[in-house]
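S.K.: The structure that follows is given in the form of structure tokens.
The values are calculated or read from the model by the stated rules, or taken from the named source; none is laboratory data. Quick caveat, the model's predicted, so the values are computed rather than measured. Quick reminder, even Gly has a Cβ in these numbers, built from the backbone with ideal geometry, and neighbours come from all protein chains shown. For the accessible areas, the whole protein counts, side chains as well, though only heavy atoms, and no ligand, DNA or RNA atoms are used. Shrake-Rupley method; radii C 1.70, N 1.55, O 1.52, S 1.80 Å.
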Amino acid sequence: MTDCLFCKMVSGEIEPDKVYEDDQVLAFRDINPQAPLHVLVIPKEHIATLNDVDDTHRLLVGQMVQAAASIAARAGMDGSGYRTIMNCNADGGQTVFHIHLHLLAGRRMHWPPG
Ligand code: AMP
Ligand code: ZN
């Protein structure tokens, strides 16, 4: 997707503040962090919303979740804990239409979320 911000990060057209990369997944710091550690984990493949995830993406989504957990562990925040979030469409608050897992850590989270 030529017009997608996160695809441009995958291709290197825009250089993210990268914290993790493997064959399928890229993770970088959120530009507007909402916690001391705020990372976005994205698939390298363009998938617009969670509604577009199908059976062929099962391992990929698992890899995203595993990447988030390992980033938290590497930051020493696995024991204290963290939150992962995937927003979908308008009511979910999605603003970038390439799926991403938010990893937030380093402060106590509130519940319910706003
Ligand atoms: P969402 O609202 O769930 O779609 O999340 C999109 C996230 O992307 C927001 O937390 C933004 O701060 C973040 N974001 C937008 N542009 C950039 C960028 N250039 N680099 C890193 N994060 C970004
Ligand atoms: Zn994309």
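S.K.: If residue 50 passes every condition in (1) more than 15 Å from residue 71 (Cβ to Cβ); (2) touching a helix residue (DSSP H, G or I) at 6+ places or on another chain (Cβ under 7 Å) but one, which one does it miss?
M.R.: Every listed condition holds for residue 50 apart from (2).
S.K.: Kindly check whether there is at least one residue in segment 47-68 that is of a type in the set (Asp, Glu), assigned to a helix (DSSP H, G or I) and more than 27 Å from residue 111 (Cβ to Cβ). Spell out how you get there, then give the answer.
M.R.: Taking segment 47-68 first, the residues of a type in the set (Asp, Glu) are 52, 54-55.
When the remaining residues are screened for being assigned to a helix (DSSP H, G or I), the result is 52, 55.
With the extra rule that they be more than 27 Å from residue 111 (Cβ to Cβ), the set shrinks to 52, 55.
There is at least one residue in segment 47-68 that is of a type in the set (Asp, Glu), assigned to a helix (DSSP H, G or I) and more than 27 Å from residue 111 (Cβ to Cβ).
S.K.: Still on this structure, I have one more. Among what's in segment 74-114 and is over 13 Å from the mean Cα position of the chain (by Cα) and of a type in the set (Lys, Arg), pick the residue that is most open to solvent (accessible area, probe 1.4 Å).
M.R.: Only one residue tops the list, namely 108.
S.K.: A further question on this structure: Every residue in segment 1-32 that is assigned to a strand (DSSP E or B) and either away from ligand 1 (no atom under 13 Å from the Cβ) or over 21 Å from residue 58 (Cα atoms) (or both), please.
M.R.: 18, 19, 20, 21, 25, 28, 29
S.K.: Among the residues of segment 69-83, which ones are of a type in the set (Lys, Arg) and in a helix (DSSP H, G or I)?
M.R.: So in segment 69-83, the residues of a type in the set (Lys, Arg) come out as 74, 83.
Correct list: 74 only.
S.K.: Considering only residues of segment 96-105 that are touching a Ser or Thr at 6+ places or on another chain (Cβ under 8 Å) and in a loop (DSSP other than H, G, I, E, B), which is nearest to residue 75 (Cα to Cα)?
M.R.: Only one residue tops the list, namely 99.
S.K.: Related question: Kindly provide the set of residues from segment 33-76 that are away from ligand 1 (no atom under 13 Å from the Cβ), farther than 25 Å from residue 11 by Cβ and of a type in the set (Gly, Ala, Ser), ordered by number.
M.R.: Within segment 33-76, 69, 72, 73, 75, 76 qualify.
S.K.: In segment 15-52, which residues are surrounded by 12 or more Cβ atoms within 10 Å (Cβ to Cβ) and free of Cβ contacts under 8 Å to residues at least 12 places away in the same chain?
M.R.: 18, 21, 33
S.K.: Could you go through segment 84-95 and let me know if any residue there is assigned to a loop (DSSP other than H, G, I, E, B), at positive phi and either of a type in the set (Gly, Ala, Ser) or without any contact (Cβ under 8 Å) to a residue 40 or more places away in the chain (or both).
M.R.: Scanning segment 84-95 turns up at least one residue that is assigned to a loop (DSSP other than H, G, I, E, B), at positive phi and either of a type in the set (Gly, Ala, Ser) or without any contact (Cβ under 8 Å) to a residue 40 or more places away in the chain (or both).
S.K.: Go through 74, 107 for me and flag whichever is basic (Lys, Arg) and in contact (Cβ under 8 Å) with a residue 60 or more places away in the chain.
M.R.: So the residue among 74, 107 that is basic (Lys, Arg) and in contact (Cβ under 8 Å) with a residue 60 or more places away in the chain is 107.
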